[in-house]
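Let me begin by presenting the structure, written as structure tokens, before commenting on it.
Read the figures in this text as sums done on the coordinates, not as results from a lab. On a predicted model such as this, the values are computed, not experimentally measured, just so you know. Cβ atoms come from the backbone with ideal geometry, glycine included; neighbour counts cover every protein chain shown.
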Amino acid sequence: MIVAIDGPSGSGKSSVAREIARRCDLTYLDTGAMYRSVAYVCLERGVDPDDADAVAKVARDVTIEFVPDGDGQRVLANGEDVTAQIRTPEVELAVSPVSANPRVRETMVALQRAAGERGDVVAEGRDIGTVVFPGADVKVFLSASPEARARRRAVQRGGGNLATGDAVSVDARAEQKILEDLVRRDAYDSSREASPLRPADDAHHIDSSELSFEDVVSAILGLSPELATRAEGRLA
Ligand code: DC
């Protein structure tokens, strides 16, 4: 079974997809981490993220692995653990041109489809329901207001946990900066020529602005009898 979860950054996709994977015994595929890994390797090697040919070559040559680690997973790029490094502001900046590169996308989509062929997957990203797995069994487009998304990112950066509800105090200026970056990145991701962020025609839209984490997870489990059965099977 394939579950596709798309949406803008900060919509809660990652936490939700991870939880659906855990409860339904599916493999979690974080496609954003793949584009981030390519961006990271480019920066490491001094490759200009706007140099389309050089970046496409990095994407073709890189080996990306996801290794289970407790409740989460670690990301390896060419064998190096880059789990933390792919979340830095430098990588956040570089990943936009990298992910807008059609040849990078071609390479990443092929790897993502290969992962889908190996078994039951919940994949999250921007183009999963439209390009990577247009025949996915369940498609969700998860959105939230820019303000709600900026708040979540700020809480995450401060060490809070959305899934458990652990709160932290958030610096207002940092949150404002996150909001500005997020709006800029949304505009870029939605207006780029290669696979712009848009919902698949048959995606279920969920606006998570006013919903709790558990509400969103339950709403998705409720979309498909197979998902609900899998979740019950794991609980039993
Ligand atoms: O979901 P994220 O913030 O980790 O994604 C990082 C970047 O990669 C973001 O700029 C959007 C892009 N991306 C993409 O273009 N296609 C995907 N399937 C996943 C992410």
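Listed values, structure above:
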item	result
Positive minus negative residues near SER143 (Lys, Arg vs Asp, Glu; Cβ under 9 Å)	0
Cβ-placed point charges (K, R +1; D, E -1), dipole of the chain about Cα centre in debye, nearest 20	100
Translational diffusion coefficient (Stokes-Einstein; Kirkwood radius from C-alpha pairs) of the chain at 25 °C, 0.890 mPa s, in µm²/s	136
Environment charge at ALA174 (Cβ cut-off 10 Å; Lys +1, Arg +1, Asp -1, Glu -1)	+2
Taking the chain and dividing mean pair separation by its residue count, relative contact order in percent (alpha carbons under 8 Å, at least six apart)	32
Size-normalised alpha-carbon gyration radius of the range 1-69, reference 2.2 N^0.38 Å	1.33
Segment ARG157-SER169, length gained on full extension (0.36 nm per residue, minus Cα span)	3.2 nm
Estimated distance in nm for a label pair at MET1 and ARG87, the labels positioned 7 Å out from Cα along Cα-to-Cβ	2.9
Listed peptides 14-27, 100-113 by packing density, highest first (mean Cβ within 10 Å)	14-27, 100-113
Taking only Cα atoms of the range 99-236, radius of gyration then Dmax in Å	16.9, 46
FRET efficiency estimate (nearest 0.05) - Cβ-Cβ, ARG103 to SER224, R0 35 angstrom	0.55
Pairwise centroid distance, computed over Cα atoms, of the range 27-60 with the range 198-220, Å	29
Selected from VAL41, VAL75, VAL58, residue furthest toward positive end of dipole (the range 41-82; charges at beta carbon)	VAL58
